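**Student:** I have a structure here, written as structure tokens, and I will follow up with some questions on it.
Nothing in this text is a laboratory measurement; each read-out follows from the coordinates by a stated rule. Note that the structure is a prediction, hence the values are computed from the model and not measured. A quick note on method: Cβ atoms are made from the backbone with ideal geometry, for glycine too, and the neighbour counts reach across all protein chains shown.
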Amino acid sequence: MTDAASRAAQLLKEHRESIDRLDAILVYTLGERFKHTQAVGRLKAEHDLPPADPIREEAQIARLTDLAKEADLDPEFAKKFLAFIIQEVIKHHEKHQS
């Protein structure tokens, strides 16, 4: 293996290790987030509040879009990601309503 190929292999290994660490952070962060949204769902159910809050969702999408731009992340991807999370949260909230 040439020196250039060896350096490339080392860089690839380092990038993949970083990706693996970041994936773990994402999973644990989402787990923590869902603990809070489940608590919100229980509160909504206890107080007979609707499972969805379109005004809050709209504000969150705008906030995440701004954060995505600051982080040099595609805002459309960020919106789709948050929309997916919101759908999951609403499903959990609806379960508490039953």
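**Student:** Based on DSSP H runs of at least 4 residues, each adding -39500 (n - 2.57), what is the mean residue ellipticity at 222 nm of the chain after dividing by all its residues, to the nearest 500 deg cm²/dmol? Mind dumping the intermediate values first?
**Tutor:** Details: 3 runs with 84 residues, N = 98.
Helices in the chain give a 222 nm mean residue ellipticity of -30500 deg cm²/dmol.
**Student:** Okay, next question. Just going by the charge dipole of region 3-97, with Lys and Arg at +1 and Asp and Glu at -1 on Cβ, which of 64, 78, 45 is farthest out on the positive end?
**Tutor:** Comparing the listed Cα positions along the dipole, 45 ranks first.
**Student:** Only counting other Cβ atoms within 10 Å, I'd like 47, 15 sorted with the fewest neighbours first.
**Tutor:** Neighbour counts put them in this order, fewest first: 47, 15.
**Student:** Now for a separate question. Can you pull the one-decimal nm distance between simple spin-label points at residue 85 and residue 25, each 7 Å off the Cα toward Cβ?
**Tutor:** Between residue 85 and residue 25, the label points sit 1.4 nm apart.
**Student:** Extension gain residue 33-residue 49, at 0.36 nm per residue separation less the Cα-Cα distance, in nm?
**Tutor:** 3.7 nm
**Student:** Applying 1/(1 + (r/R0)^6) with R0 = 30 Å to the Cβ-Cβ distance of residue 92 and residue 72, what FRET efficiency is obtained, to the nearest 0.05? Spell out each step's value before the answer.
**Tutor:** Values: r = 31 Å, r/R0 = 1.04.
Using R0 = 30 Å, I get an efficiency of 0.45.
**Student:** Let me ask you something else. Take the alpha carbon atoms of region 3-97, find their radius of gyration, then divide it by 2.2 N^0.38 Å using N residues; give the quotient.
**Tutor:** Details: Rg = 18.4 Å, N = 95, 2.2 N^0.38 = 12.4 Å.
Cα-based Rg divided by the globular estimate yields 1.48.
**Student:** In whole Hz, with x marking every Gly and Pro, tabulate ³J(HN,Hα) for region 18-25 from phi via Karplus 6.51 cos²θ - 1.76 cosθ + 1.60, θ = phi - 60°.
**Tutor:** 5, 4, 4, 5, 5, 4, 4, 4
**Student:** Take every Cα pair under 8 Å in region 9-98 that's 6+ residues apart, average their separations, divide by the length, and report that relative contact order as a whole percent. Intermediate results must be reported in sequence, preceding the final value.
**Tutor:** Values: 44 pairs, mean separation 31.8, N = 90.
Reported relative contact order: 35 percent.
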